[in-house]
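> Supplied in structure tokens, the structure appears directly below.
The values are calculated or read from the model by the stated rules, or taken from the named source; none is laboratory data. Everything quoted here is computed from the prediction, not taken from an experiment. Cβ coordinates were reconstructed from backbone atoms using ideal geometry, including for glycine residues, and neighbour counts include every protein chain displayed. What goes into the accessible areas is simple: the full protein's heavy atoms, side chains included, and nothing from ligands, DNA or RNA. Shrake-Rupley method; radii C 1.70, N 1.55, O 1.52, S 1.80 Å.
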Amino acid sequence: MTASQPETPTPAQGPSQAPAVVPHSRLENVLGVLTGTWTVSFGVSLLTHVGAVTGGTAGLAIVVSYALGLPFGVMFVLVNLPFFAVAVFTKGWQFTVRSLVSVVLVSVFASAHAHFAVLGDLASPYAVLTGNLLVGIGLLIVFRHGSSLGGFNIVALLAQERLGLRAGYVQMVLDVCVVLAGFAVQAPAIVLLSAVGAALLNLVLAINHRPGRYTGA
């Protein structure tokens with residue numbers, strides 16, 4: 001009879017630990033918001049250059065600016081004001097002030113692009129798809145530094161945080177309404193192309209901005 005081999009002790013399996021959250025510094029938040037708003041504003045410049053629309057309050061501001069002949073930057077601030085009243089009570093003053101600053105920055109940067117960027121001839125599909133990709137990337141940066149671009153972003157973030165719904169999908173539903181409004185001010189062909197671009201923007205958000213995926217603060 002052979003002697004039994006002693007069992008090799010196995011390490012205790014403790015509960016899996018979540019990775020430590022490393023908060024952004026104040027400087028990182030400032031630089032992040034500046035980068036994100038600059039990226040969004042240039043994406044908007046590409047869209048307006050070819051007469052396209054997009055979703056969100058940015059898209060709503062574009063539609064109204066086409067209809068009234070007013071600058072996008074002015075309309076973007078105005079259409080966001082009612083949403084900031086909601087943000088004060090649901091997200092707090094810090095988030096609201098950051099979002100207001102972000103909206104103003106997009107407006108200022110968009111005006112700067114209009115003065116300094118000579119875009120020339122751009123194919124509409126290129127401008128619409130690239131513009132929406134830039135807006136989506138910029139929004140991700142802004143979100144991850146504790147801010148938003150007001151309006152539908154606030155509604156989408158609240159739905160994600162309180163109802164567990166993905167921000168991108170919530171915003172996609174709202175964006176459909178805005179894109180449909182584009183038929184009142186632009187040719188059907190460019191509006192249909194804009195709808196594809198808006199869907200791409202929200203797909204970027206839905207894939208990358210999900211509960212529990214990003215641990216930054």
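> On the given criteria, is L78 more than 24 Å from A199 (Cβ to Cβ), among the aliphatic types (A, V, I, L, M) and part of a helix (DSSP H, G or I)?
For L78, the condition - more than 24 Å from A199 (Cβ to Cβ), among the aliphatic types (A, V, I, L, M) and part of a helix (DSSP H, G or I) - is met.
> Another question, then. Report, by residue number, each residue of region 1-59 that is touching a Lys or Arg at 6+ places or on another chain (Cβ under 9 Å), in a helix (DSSP H, G or I) and modelled with pLDDT under 95.
Scanning region 1-59 gives N29, G32, V33.
> Cβ contacts < 6 Å: first residue among the basic types (K, R), restricted to region 57-79; second residue open to solvent by 60 Å² or more (accessible area, probe 1.4 Å) and modelled with pLDDT of 90 or more, any location; separation 6+ or different chain. Result?
none
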